1. Could you list all residues from the stretch 103-132 that are part of a helix (DSSP H, G or I) and surrounded by 15 or more Cβ atoms within 10 Å (Cβ to Cβ)?
2. Tell me, please, whether a residue that is touching a Cys at 6+ places or on another chain (Cβ under 8 Å) and of a type in the set (Asp, Glu) can be found in the stretch 105-118.
3. Could we say that ARG85 is at negative phi, loosely packed, with under 14 Cβ neighbours inside 10 Å and modelled with pLDDT under 95 here?
4. When you check GLN52 against the structure, is it at pLDDT 95 or above and touching a Cys at 6+ places or on another chain (Cβ under 6 Å), yes or no?
5. Condition first: touching a residue at least 40 places away in the same chain (Cβ under 8 Å) and on the phi > 0 side of the Ramachandran plot. Can you find one or more residues in the stretch 29-41 that meet it?
6. Is the stretch 50-68 home to any residue that is surrounded by fewer than 19 Cβ atoms within 10 Å (Cβ to Cβ) and among the polar types (S, T, N, Q)?
7. Inspect all residues belonging to the stretch 28-48 and state whether any of them is basic (Lys, Arg) and in a loop (DSSP other than H, G, I, E, B).
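The values are calculated or read from the model by the stated rules, or taken from the named source; none is laboratory data. What you are looking at is a predicted structure, and each value in this text was computed from that prediction instead of being measured. So basically every Cβ, Gly included, is an ideal-geometry build from the backbone, and we count neighbours across all protein chains shown.
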Amino acid sequence: MTRAAASPSRLEDVRVVELPCHARSDGAVVVAEAAAEVPFAMARLFTLRAPQGAERGNHAHRLCSQFMICVHGVVDVAVDDGTTRRTFVLDRGDRALLVPPMIWTTVIFKEAQSVVAVLCDRPYEAADYLSDYGVFSRLRRGDSA
């Protein structure tokens, strides 16, 4: 199924979001509110857990934005706009990563049993996934796929 891609995001559109952390002697609460820290209404939430060294993702979305929070452990998130690649470290529950559509994303698990929560602005749509880097690259260049 061919769908029009959203206007391509740039790597500069990927950004770290510091979440409010309310710490006390008996623990802490981290908050991510729509319209404050999360720039969209959530349509879906899923979690990723994998063994150390595993890579998940390895795809882009045509239309879906993602807001990633590593709630346990440490992950690297490698992002790529077809021209430039950058890696972000998520190692605290009060740091999130906003990944807009049309950014190739790979999550690398640096510690065993790390857990990443991902909030999305769209429900699951199989046609939204770009799992072939060649197709992704052609779309980024404006070629049809």
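1. Initial filter on the stretch 103-132 (part of a helix (DSSP H, G or I)): 126-128.
Across the stretch 103-132, the qualifying residue is only ASP128.
2. Checking the stretch 105-118: not a single residue is touching a Cys at 6+ places or on another chain (Cβ under 8 Å) and of a type in the set (Asp, Glu).
3. Spelling it out, it is not the case that ARG85 is at negative phi, loosely packed, with under 14 Cβ neighbours inside 10 Å and modelled with pLDDT under 95.
4. The answer is no for GLN52.
5. So far as the stretch 29-41 goes, no, none of its residues is touching a residue at least 40 places away in the same chain (Cβ under 8 Å) and on the phi > 0 side of the Ramachandran plot.
6. yes
7. Filtering the stretch 28-48 down to residues basic (Lys, Arg) leaves 44.
Next cut, in a loop (DSSP other than H, G, I, E, B) only: none.
No, the conditions are met nowhere in the stretch 28-48.
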